[in-house]
Amino acid sequence: MERPGVGECFEPGKVWLDVAGAPIQAHGGGILYDCGTYYWFGENKDGETKFVANEVHRVDVVGISCYSSRDLLHWKHEGVVLPANMDDPAHDLHVSKVAERPKVIYNAATRQYVMWLHVDTYKYEYARAGVAVSDAPTGPYRYLGSSRPNDAESRDMTVFQDDDGSAYLIYSSERHSTLHISRLTPDYLGQSGQFIRAFVTRPLNGREAPAVFMHDGHYFMVSSGCTGWDANPAEYAMARSMLGEWQVLGDPCCGPDHETTFHAQSTFVLPMPGRPGCFIFMADRWQKENLRDSRYVWLPLRMSGSHATIAWHDRWDCSVFA
């Protein structure tokens, strides 16, 4: 009999179990595709949710989990590959702090896997980007430290690797009122000094939760407004270059509850290998009073020219892209 959550199709918003039968803990995550295997990195929130103040709910830092899969449905837990620091309250990854939205890319020149993540205090006053490296996708990752990129606040973030090998850190900044896009150094470990401030003229309650992908020679970004743990409409934009001008194109979601991004928030867009114009939109359905039970909403994202569509499906598999 099939176990709940370990099926042969995606079921957005349902409990998703790994191959050992445990709920997947990879919130705010992203995926690295490497040598035929997918690696899913995300926040491990397998702890008690604590209410702090002013709508702040948190779980003591556990660390960053890694899962591996060949088919995107069945995931093996590879462990907590960047664990919390238990002893030093001043450390970025101390259990009392915040470690969110990890993304990993591979640097072919240095042969290192590079992880960027948002690190903060529980009051979200630190606003820094942390970086860690490993010789293998499954870690362990060695934490190198954090910074405020280009001397600016960095909160919700993602990383994008271009076809030419250049890489960019995209992060919510200036109290969420803008998104900054910063080109990384060739080793992916720091900022090159080239960056832009995007979406300055229309904050729409600010921008956060960026997810970037490329299609037909153009760059696209899905992001959300800033309404705490509560969901809001997604918005997508297009540019001819990562450091160019971004044109807002509207809400890509359609179907029931599209105005709340299906009660979820963007975190990553995964290109489907060998299927141009086909992507998986990854989002988190946060359960602020029980964060360990936050669910995953994965849906097909289709491109037609510059038009993106994310439609709701109760159940689906990759045959929808045929």
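Every number here is computed from the coordinates shown, using simple stated rules; none is lab data. The structure presented is a predicted model; accordingly, all values stated were derived computationally and were not measured. Glycine gets a Cβ as well: all are built from the backbone with ideal geometry, and neighbour counts include every protein chain shown.
Just a few scattered comments:
- Scanning the stretch 220-230 for residues that are without any contact (Cβ under 8 Å) to a residue 24 or more places away in the chain and in contact with a Leu (Cβ under 8 Å, 6 or more places away or on another chain) yields a single hit, 225.
- Residues that are in a loop (DSSP other than H, G, I, E, B), among the hydrophobic types (A, V, I, L, M, F, W, C), on the phi > 0 side of the Ramachandran plot and buried (at least 16 other Cβ atoms within 10 Å of the Cβ) do occur in the stretch 125-134.
- Hey, residue 269 under 20 Å from residue 33 (Cβ atoms) and either in contact with a helix residue (DSSP H, G or I) (Cβ under 7 Å, 6 or more places away or on another chain) or buried (at least 17 other Cβ atoms within 10 Å of the Cβ) (or both) or not: yes
- Set 322, 311: member being out of contact with any Asp or Glu (no Cβ under 9 Å at 6 or more places or on another chain), closer than 28 Å to residue 71 by Cβ and without any contact (Cβ under 8 Å) to a residue 12 or more places away in the chain: 322
- Selection from the stretch 216-259 of residues that are within 18 Å of the chain's Cα centre (by Cα) and of a type in the set (Val, Ile, Thr): 222, 227
A quick yes/no check of all residues on (1) surrounded by fewer than 23 Cβ atoms within 10 Å (Cβ to Cβ); (2) closer than 30 Å to residue 54 by Cβ; (3) of a type in the set (Asp, Glu):
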{"position": "159", "(1), (2), (3)": "no, yes, no"}
{"position": "188", "(1), (2), (3)": "no, no, no"}
{"position": "191", "(1), (2), (3)": "yes, no, no"}
{"position": "199", "(1), (2), (3)": "yes, yes, no"}
{"position": "206", "(1), (2), (3)": "yes, yes, no"}
{"position": "231", "(1), (2), (3)": "yes, yes, no"}
{"position": "239", "(1), (2), (3)": "yes, no, no"}
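- Filtered residues of the stretch 231-284 (kept if in contact (Cβ under 8 Å) with a residue 40 or more places away in the chain and among the charged types (D, E, K, R)): 257, 275, 284
- The stretch 139-191: number of residues that are of a type in the set (Val, Ile, Thr) and in a loop (DSSP other than H, G, I, E, B): 1
- Scan of the stretch 3-52 for residues that are surrounded by 20 or more Cβ atoms within 10 Å (Cβ to Cβ) and either among the β-branched types (Val, Ile, Thr) or over 21 Å from the mean Cα position of the chain (by Cα) (or both), ordered by number: 24, 31
- Scan of the stretch 53-69 for residues that are in contact with a strand residue (DSSP E or B) (Cβ under 6 Å, 6 or more places away or on another chain) and more than 12 Å from residue 138 (Cβ to Cβ), ordered by number: 57, 58, 59, 61, 62, 63, 69
- Residue, farthest from residue 281 (Cα to Cα), within the stretch 193-219, restricted to residues that are outside any strand (DSSP E or B), of a type in the set (D, E, K, R) and without any contact (Cβ under 8 Å) to a residue 60 or more places away in the chain: 202
- Residue match in the stretch 78-88 (condition: farther than 26 Å from residue 272 by Cα, buried (at least 19 other Cβ atoms within 10 Å of the Cβ) and charged (D, E, K, R)): no
- Scanning the stretch 63-77 for residues that are among the aliphatic types (A, V, I, L, M) and either surrounded by fewer than 20 Cβ atoms within 10 Å (Cβ to Cβ) or over 17 Å from residue 28 (Cα atoms) (or both) turns up 72, 73.
- Positions within the stretch 94-124 being surrounded by 22 or more Cβ atoms within 10 Å (Cβ to Cβ), out of contact with any Ser or Thr (no Cβ under 6 Å at 6 or more places or on another chain) and over 19 Å from residue 49 (Cβ atoms), in sequence order: 102, 104, 114, 115, 116, 117
- Condition check for residue 255 on (1) among the small types (Gly, Ala, Ser); (2) touching an Asp or Glu at 6+ places or on another chain (Cβ under 7 Å); (3) surrounded by fewer than 13 Cβ atoms within 10 Å (Cβ to Cβ): one failure, at (2).
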